[in-house]
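The values are calculated or read from the model by the stated rules, or taken from the named source; none is laboratory data. In this text the structure is predicted, and so the values were computed from the model without any measurement. FYI the Cβ positions are ideal-geometry reconstructions off the backbone, even for glycines, and counts take in every protein chain you see. SASA here: full protein model, heavy atoms, side chains in, ligands and nucleic acids out. Shrake-Rupley method; radii C 1.70, N 1.55, O 1.52, S 1.80 Å.
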Amino acid sequence: MSDFFTPVSGFDLPRFAGVPTFMRLPHVTLDDPRLAEVQIGLIGAPWDGGTTNRPGPRHGPRQLRDLSTMIRAQNGATGVRPFERVNCADLGDVPPNPADVMDSLQRMTTFYNRVRAAGIRPLTAGGDHLCTLPILRALAADRPLGMIHFDSHTDLFHSYFGGTMYTHGTPFRRAMEEGLLDPARVCMIGIRGTTYDTEDRDFADAVGIRVIPVEEFHARGPEDVMAEARSIAGDGETYVSYDIDFIDPAFAPGTGTPEVGGPNSYQALQVVRGLDGVRIVGADLVEVSPPFDPSGGTAFLGVSVMFELLCVMATSP
């Protein structure tokens with residue numbers, strides 16, 4: 001393992017000093033010769049053009065980077081030291097076009113095409129949940145993926161406002177239509193809240209997506225639920241998408257569409273540890289909205305989830 005990819009220690013430089021990168025990793029651009037050495041790339045997607053109510057996730061990656069300086073070398077629960085297992089780097093931000101949804105989607109897919117071509121598995125900080133669609137377009141270009149999805153919403157709606165097809169509530173409907181996901185290998189966990197109708201759940205049932213509502217999650221417990229999620233994903237390539245509003249807003253208020261009754265902060269980490277053994281080709285943490293939690297508590301929980309995702313990615317088969 002090259003010293004170049006070792007994060008800066010808080011014993012060498014105080015955590016409040018220096019230019020913040022994800023987890024104090026080196027910044028490697030897509031044009032850097034060292035890109036070929038990177039195995040997992042942490043990426044910011046500062047875009048929320050799919051948001052339909054409370055905006056702000058475009059500011060998420062910057063706050064997440066800042067709070068990620070508190071991440072250290074070893075997982076205190078599992079003992080995994082991810083930075084010693086794989087070469088990790090901060091690949092910077094996808095450059096979105098905040099004035100054009102379709103152009104931003106294309107820009108993101110182009111960026112992730114280059115990441116995939118370099119043989120790098122991406123771990124992304126959003127951005128709203130529509131950001132996941134262009135990532136899937138790159139990673140699943142030649143075969144559908146499985147997906148384990150933590151959220152309070154399915155994001156399976158057909159359209160908004162009479163025909164708007166691309167919002168943060170539609171990415172997985174589009175992904176299904178485009179053949180990017182295998183519905184038989186998709187599990188959605190934590191779904192809850194008031195609804196307009198059952199269109200999204202009806203679609204899930206029709207195509208064979210397994211939806212685990214939060215009531216079932218609480219009744220069964222994280223370990224049992226994650227055992228089922230691993231079984232659904234099987235041994236095939238799987239994407240993990242984690243919306244911060246999966247977590248109860250008492251613990252993660254900084255998000256645009258909070259729903260009460262969710263998991264606590266410990267369970268938020270526990271479910272990611274339950275991904276151990278899944279063949280993860282990429283993952284994201286989305287919908288952190290700093291304007292609704294300037295203190296950074298939500299962002300710190302978010303980067304803690306990202307570190308857990310990094311640990312299971314580093315040990316992924």
| query | Within segment 27-55, how many residues are open to solvent by 60 Å² or more (accessible area, probe 1.4 Å) and charged (D, E, K, R)? | reply | 4
| said: Just the residues that are among the acidic types (Asp, Glu) and in a loop (DSSP other than H, G, I, E, B), please, taken from segment 241-255. | reply: Asp248
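Give segment 286-299 a look and list any residue that's in a loop (DSSP other than H, G, I, E, B) and crowded, with 24+ Cβ neighbours inside 10 Å, or say none.
The answer is Glu287, Val288, Ser289.
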| task | Considering each of Gly79, Gly60, Gly49 in turn, give the residue that is assigned to a loop (DSSP other than H, G, I, E, B), at pLDDT 95 or above and either of a type in the set (A, V, I, L, M) or under 20 Å from the mean Cα position of the chain (by Cα) (or both). | result | Gly49
| task | Tell me, yes or no, whether segment 300-312 has at least one residue that is open to solvent by 20 Å² or more (accessible area, probe 1.4 Å), at pLDDT 95 or above, in contact with a helix residue (DSSP H, G or I) (Cβ under 7 Å, 6 or more places away or on another chain) and not in a helix (DSSP H, G or I). | result | no
| Candidate set from segment 84-143 (those that are surrounded by fewer than 21 Cβ atoms within 10 Å (Cβ to Cβ) and among the hydrophobic types (A, V, I, L, M, F, W, C)); member that is nearest to Ser241 (Cα to Cα) | Ala138
| What residue, among those in segment 9-18 that are among the hydrophobic types (A, V, I, L, M, F, W, C) and open to solvent by less than 70 Å² (accessible area, probe 1.4 Å), is farthest from the chain's Cα centre (by Cα)? | Leu13
| message | Leu269 - would you say it is touching a residue at least 12 places away in the same chain (Cβ under 8 Å), buried (at least 24 other Cβ atoms within 10 Å of the Cβ) and assigned to a helix (DSSP H, G or I)? | response | no
| note | Within segment 150-192, residues out of contact with any Gly (no Cβ under 9 Å at 6 or more places or on another chain), open to solvent by less than 50 Å² (accessible area, probe 1.4 Å) and outside any loop (DSSP other than H, G, I, E, B) come out as Phe172, Arg173, Arg174, Ala175, Met176, Met188, Ile189, Ile191
| query | Within segment 246-272, how many residues are closer than 22 Å to Val211 by Cβ and touching a Pro at 6+ places or on another chain (Cβ under 9 Å)? | reply | 15
| message | For segment 59-80, which positions are surrounded by fewer than 22 Cβ atoms within 10 Å (Cβ to Cβ) and among the basic types (Lys, Arg)? | response | Arg62, Arg72
| task | State which residue is surrounded by the most Cβ atoms within 10 Å (Cβ to Cβ) when the search covers only segment 193-216 and only residues that are part of a helix (DSSP H, G or I) and out of contact with any Lys or Arg (no Cβ under 9 Å at 6 or more places or on another chain). | result | Arg201
| query | For segment 250-266, how many residues are buried (at least 24 other Cβ atoms within 10 Å of the Cβ) and either within 27 Å of Arg230 (Cα to Cα) or basic (Lys, Arg) (or both)? | reply | 2
| Would it be correct to say that Ser231 is within 18 Å of Arg273 (Cβ to Cβ) and part of a helix (DSSP H, G or I)? | yes
